[in-house]
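A.B. asks: My questions all concern the structure below.
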Amino acid sequence: MTTPTSTINLVPTDSANSVKEFFNKYFVEPISYPANQVDAVVGYFLKRGFDSISATGVATVLLQQAKIDNVNVFTLLDTL
């Protein structure tokens with residue numbers, strides 16, 4: 001009996017390096033916010049039933065986007 005062979009040359013691809021490069025570049029600039037803003041935004045979501053981790057995550061995104069868009073984070077919260 002002969003062992004079947006294939007003429008297709010499959011080269012495994014690894015996307016790990018490109019993913020690592022993306023995330024290594026994504027958070028390179030330090031970010032900082034006044035403590036009262038962080039506490040207020042996290043508290044806003046805690047008061048509305050979010051658990052602590054979710055409230056912190058959503059607050060982080062909103063604070064970062066408000067800074068990028070040069071919008072007051074409290075103005076942004078008023079639109080929710």
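The values are calculated or read from the model by the stated rules, or taken from the named source; none is laboratory data. Keep in mind the model is a prediction, meaning the values are calculated, not measured. No Cβ is skipped: glycine too gets one built from the backbone with ideal geometry, and neighbour counts run over all protein chains shown.
A.B. asks: Any chance the stretch 20-38 includes a residue that's modelled with pLDDT of 75 or more, outside any loop (DSSP other than H, G, I, E, B) and not aliphatic (A, V, I, L, M)?
C.D. replies: Filtering the stretch 20-38 for residues modelled with pLDDT of 75 or more gives 32-38.
Next, only the ones that are outside any loop (DSSP other than H, G, I, E, B) stay: 35-38.
Narrowing the set further to residues that are not aliphatic (A, V, I, L, M) leaves 36-37.
Yes, because at least one residue in the stretch 20-38 is modelled with pLDDT of 75 or more, outside any loop (DSSP other than H, G, I, E, B) and not aliphatic (A, V, I, L, M).
A.B. asks: Quick one: would you say residue 58 is of a type in the set (Val, Ile, Thr), out of contact with any Lys or Arg (no Cβ under 8 Å at 6 or more places or on another chain) and modelled with pLDDT of 90 or more?
C.D. replies: Details: of a type in the set (Val, Ile, Thr): yes; out of contact with any Lys or Arg (no Cβ under 8 Å at 6 or more places or on another chain): yes; modelled with pLDDT of 90 or more: yes.
Spelling it out, residue 58 is indeed of a type in the set (Val, Ile, Thr), out of contact with any Lys or Arg (no Cβ under 8 Å at 6 or more places or on another chain) and modelled with pLDDT of 90 or more.
A.B. asks: Starting from the stretch 53-80, take each residue that is surrounded by 14 or more Cβ atoms within 10 Å (Cβ to Cβ) and list its partners that are at pLDDT below 90 and in a loop (DSSP other than H, G, I, E, B), counting only C-beta distances under 6 angstrom and pairs at least six apart or across chains.
C.D. replies: 63/33
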